[in-house]
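See structure below.
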Amino acid sequence: MERAILHCDLNNFYASVECIKNPTYKDTPLIVAGNPKKRTGVILAKNTLAKSFGVKTGDVIWKAKQICPNLVCVPPDFETYAKYSDAVKQIYLKYTDFVEPFGIDECWLDITNSQKLFGSAYKIAENIKNEVKQKLGLTISIGLSFSKMFAKLGSKLAGNDEINIITKADYKEKVWHLPVEKLIYVGRRRLVQFKKMNINTIGDLAKSDKKLMIAQYGINGEYLIQIANGTEPDKIANYNNLRTIKSIGNGTTTIVDINTFEQAKQVIFYLSEMIAKRLRDKGFKSLCIHLSVKDNELSWVSHSKTFETPTNNAKEIACHSIELFNKTWDFSKQKNLIRAIRIACSGLVSDKENFQTNLFEDTTNKEKTSKADNTIDKIKTKYGDKTIKRALLLSASHINCEASDDFFEEENFE
Ligand SMILES: [Mg+2]
């Protein structure tokens, strides 16, 4: 059976919830902004009325007030947004277990097999849309397609409270003429390169030379062509596997006992990379790191820290862990050697939520490191965990790579 994937995107989510909380806002141009007291606060969301004035997400408040003087500005209330987000997911889950959140207001649903029970894919999309509207007062844009990224594109093309369908029969006609930057993986930097390669539309990308793209982007090159053709192999995650995870950690017993900081650092980088990949695979970032060290007399010492900006970046996790390690262990004072190190990340949040709350931050560097991480992930997924290593790890013969899975753990504590 042809796959039926939905991408459901709640319309003006934060602003819509604010209007439900306070119905008088419905007829007022409204924005939700990081810090309304500061005129320079950044707009996180706007309602339809504010949008009609030309107010844009990401703009600063004072600029928006220039074009829309009556603008009402409220601070974000993430707790309530999370409650609504969960309530919506409960409705999605009535139709399928394959519900994969992407941020707080978007989900993919694989409803291929749900059709036997609930009718055609379009009927299901319609029922979901109506039920969410009736029960919660929120509207959704839905994309329905045979691939994950075309479903995502479909919801982008759909208006508020609408369903857009992209089928195998009409995708060339519907999608290929669109500018290539409509695809989620085509950011500003990549777009500049694409223009140079004369790739302007999604169709241009779909028909681009595979060898050339692989030469330019490695595995990502092939993946990009697949996306443009609706043939990428991405599946929709099972929600039940996602939501119970409270912490993600890895540990390893070293082949020889560790007696230098350099060796410990290598182990920390090795573990951080595995954890970071698992976090990214599951769509999480972490706000808290625990590091434990076992000595050769088998006693454990540990420290933990929490931080403000959540991360799923290997280098950042390693840096936090090294800081913890320095608190936990001092080679000049310890008479014992190190036998094992364990790192666990908790305080898990969705990887997209954070992006929206951190608009103030300079993300240029982070973008670079997260791009490198994504490339490493793809290579590892395709060719296995041991194919790519940081240069730092090439000399790390004391790390017992093979045994590391024995200590692999996914703790589910409340
Ligand atoms: Mg949305």
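Just so you know, all these numbers are worked out from the coordinates, no wet-lab data involved. As the structure is a prediction and not an experimental result, all values here were calculated from the model. So basically every Cβ, Gly included, is an ideal-geometry build from the backbone, and we count neighbours across all protein chains shown.
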Spelling it out for GLY249: with amide H atoms placed in the peptide plane at 1.01 Å from N, the residues 5 or more places away or on another chain with amide H under 5 Å from its amide H are CYS345, GLU409, GLU411
Karplus ³J(HN,Hα) for segment 135-149 (6.51 cos²θ - 1.76 cosθ + 1.60, θ = phi - 60°; Hz, whole; x = Gly/Pro) runs 7, 10, x, 10, 9, 10, 9, 10, x, 10, 7, 9, 10, 4, 6
Mean 1/r over distinct Cα pairs of segment 170-289, inverted to a Kirkwood Rh in Å, yields 17.8 Å
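Where does segment 117-241 land on Rg/Rh, using Cα atoms and the Kirkwood Rh?
Details: Rg = 16.4 Å, Rh = 15.8 Å.
Using Cα coordinates only, the ratio equals 1.04.
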Neighbour-count ranking for LEU183, LEU109, LEU153, LEU117 (other C-beta within 10 angstrom, fewest to most) reads LEU117, LEU183, LEU153, LEU109
Over its alpha-carbon atoms, segment 23-142 yields an Rg and a Dmax in Å of 17.3, 54
With x for Gly and Pro, the residue-by-residue ³J(HN,Hα) of segment 177-194, computed from phi through the Karplus equation 6.51 cos²θ - 1.76 cosθ + 1.60 at θ = phi - 60° and given in whole Hz, is 7, 6, x, 4, 6, 5, 7, 5, 8, 9, x, 4, 5, 5, 4, 4, 5, 4
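What pairs from LYS37/LYS277; LYS94/LYS156; LYS21/LYS315 go past 29 Å between their alpha carbons?
Working: LYS37/LYS277 38 Å; LYS94/LYS156 24 Å; LYS21/LYS315 41 Å.
Correct reply: LYS37/LYS277; LYS21/LYS315.
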Pseudo-spin-label distance GLU297 to ASP97, built 7 Å along Cα→Cβ, given in nm, is 4.9 nm
Each label sits 7 Å from Cα toward the beta-carbon; between VAL60 and ASP170 the label points are separated, in nm, by 4.5 nm
For segment 176-229, the Debye formula with one identical point scatterer on each Cα and no solvent gives log10 I(q)/I(0) at q = 0.29, 0.30 Å⁻¹ as -1.35, -1.44
Quick P(r) readout (segment 68-109; Cα-Cα; 5 Å bins; whole %) gives 5, 20, 23, 16, 11, 10, 7, 5, 2, 0
If every Lys and Arg gets +1 and every Asp and Glu gets -1 at its Cβ, then about the Cα centre segment 16-83 yields a dipole, in debye to the nearest 20, of 200 debye
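What do you get for Rg/Rh over segment 1-68 if you use C-alpha atoms and the Kirkwood form of Rh? Let's see the in-between values first.
Values: Rg = 14.6 Å, Rh = 12.9 Å.
Looking at segment 1-68, the ratio lands at 1.13.
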Once both label points are put 7 Å beyond Cα along the C-beta direction, the LYS211-LYS89 separation in nm becomes 4.6 nm
